[in-house]
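Shown next, in structure tokens, is the structure this report addresses.
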Amino acid sequence: MKETVKKIQLISMISFLAAVIFLLIFILSLQFKPKSKNKTPEQQERLILGFSQIGSESAWRTRNTQSIYEAAEENGIQILFDDAQQKQENQLKAIRSFIVYQVDVIAFVPIVEDGWDNVLQEAKDAGIPVILVDRQINADPSLYAGFLGEDGIEEGRRAARYLVNKCKNRTDEVTIFEMSGTENSSVVRDRSNGFREILSAYPKFKIIHSENGDFLRSRGKEIGDNLVTKHFYGANRHGLYFEGTKIDAVYSHNDSMTLGLLDSLAEHNINTKDTIMISVDAEQKSIDALTEGKLNCVVECNPNLGPKLMELVKQIANGETIPRITYNSETMFTEDDDFSKYEPRGY
Ligand code: AHR
């Protein structure tokens, strides 16, 4: 009798365990079910791109986001968009959520260069290809499919070449005040390095100060206010000074900071006609400032990355290999141009 009771107990335990295991397998299979099973036939045909943008710090950035949305729409690609509000941790979360969602391709604008290896390895393990947009990273290149964006080194070189040519008849020292963007971002490194690379052949050029303005108009204004109120300005409010030294040229890594600096100069009624002003991006407002004689040179950084990005997404989805680096075409504008030939920038 005791034997039979024991047997019954054993059988019920085994059945209970089997039921638990079955339930677990069922729950897991629900979670990791291929995404196509949840989709309507129309959705199944559409590629899904998870895109993490860093924020909306400038008109350039806003145009960059629009370009990606517009091109996705034109190409019938569905976008899962995330705005990281200038925080890397938000980008990491967004990329992880794209992985859970099992998107077809992930694209993101890396706010800084370091700290991406783990999340990219997770994407790779999940079989999801990743494209870097606008900025580059320090990571094992096998962790991402390729990069699409600007040649920041060339942008820096263009700014410097303009300055070298502009000062070709000067034999005295040329002092430069630099406003740079987001710390530890590839674009800042590149724009700084390209600029310095060209100038290094000409000992007369001296960068007297470099200040981080975070790519923000508000910071450009602050930097300007600081220069004007703490560092003095020239006689009759003419020219800018840093720690008693006259600034001959300002090199600003983006238009937002440049426009902020111009806001400050206008507010304090400072005339910088003789200060060489160089900016990067080519937003309409900075082209306007160029035509008004407030800037001397604007190096273009092209935000219209959407169409090319969608091409790359489709290539990857077809199993093709994409180029390691795809640069967008860019130009530059100077005070010597025929302004009547300028097309409206659209941003
Ligand atoms: O990474 C590109 C830079 O980021 C643009 O020059 C700037 O305007 C933006 O914020």
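With all protein chains kept in place, the per residue accessible area of the chain amounts to 50 square angstrom at a probe of 1.4 angstrom.
Bridging of Lys204 to aspartates and glutamates at a Cα separation below 13 Å is possible for Asp172, Glu173, Asp248, once same-chain residues fewer than 8 apart are set aside.
To the nearest 10 degrees, how steeply does helix 59-74 sit against the main Cα axis of the chain, on a 0 to 90 scale? With both axes taken from Cα atoms, the answer is about 40 degrees.
The angle separating the long axis of helix 88-101 from the principal Cα axis of greatest extent in the chain is about 40 degrees.
On a C-alpha basis, how far is the centre of the range 69-135 from the centre of the range 273-336 in Å? Whole number, if you could? The two parts, judged by their Cα centres, are 22 Å apart. Semi-axes of the equivalent ellipsoid for the range 88-230, computed as √(5λ) from the eigenvalues of its C-alpha gyration tensor and ordered from largest down, come to 38, 18, 10 Å.
Could you work out the mean projected area of the convex hull around the alpha carbons of the chain, in square nanometres to one decimal? Please report the intermediate quantities before stating the final value.
Working: hull surface 100.9 nm².
That works out to 25.2 nm², a quarter of the Cα hull's surface.
Ranked by the mean number of other Cβ atoms within 10 Å of their residues, highest first, the peptides 128-137, 321-330 come out as 128-137, 321-330.
Return the subset of Lys168/Lys308; Lys87/Lys166; Lys87/Lys206; Lys206/Lys341; Lys246/Lys285; Lys206/Lys273 for which the Cα-Cα distance in this structure is over 29 Å, preserving the input order. Don't skip to the end; give the middle numbers.
Working: Lys168/Lys308 39 Å; Lys87/Lys166 39 Å; Lys87/Lys206 34 Å; Lys206/Lys341 34 Å; Lys246/Lys285 27 Å; Lys206/Lys273 20 Å.
Cα-Cα > 29 Å for Lys168/Lys308; Lys87/Lys166; Lys87/Lys206; Lys206/Lys341; rest within.
For the pair Thr334 and Ser200, label points projected 7 Å from Cα toward Cβ lie 2.3 nm apart. Find the percent of Cα-Cα distances in the range 226-265 that exceed 11 Å, and round it to a whole number. I get 65 percent for the Cα pairs in the range 226-265 exceeding 11 Å. Of Tyr162, Tyr69, the residue with the largest accessible area leads and the full order is Tyr69, Tyr162 (1.4 Å probe).
Would the range 152-301 count as rounded, prolate or oblate if I go by the C-alpha gyration tensor, calling it rounded below 1.5 in a/c and otherwise prolate when a/b exceeds b/c, oblate otherwise? Rounded, since a/c falls under 1.5. Here's the list of aspartates and glutamates a cross-link from Lys294 could span, going by alpha-carbon distance under 12 Å and ignoring same-chain residues fewer than 8 apart: Asp263, Asp274, Glu335. Between 0 and 90 degrees, the angle of helix 186-199 with respect to the longest Cα principal axis of the chain falls at about 30 degrees. Within the accessible area of the chain, the carbon and sulfur atoms contribute 53%, probe 1.4 Å, all protein chains present. What shape does the range 138-215 take by its C-alpha gyration tensor, where a ≥ b ≥ c are the square roots of the eigenvalues and a/c under 1.5 counts as rounded, a/b above b/c as prolate, and the rest as oblate? Verdict is prolate for the range 138-215.
The values are calculated or read from the model by the stated rules, or taken from the named source; none is laboratory data. Bear in mind the structure is a predicted one, so any value in this text is a computation, not a measurement. Please note: Cβ atoms are built from the backbone with ideal geometry, for glycine as well, and neighbour counts cover all protein chains shown. Heavy atoms of the whole protein, side chains included, go into the accessibility calculation; ligands, DNA and RNA do not. Shrake-Rupley method; radii C 1.70, N 1.55, O 1.52, S 1.80 Å.
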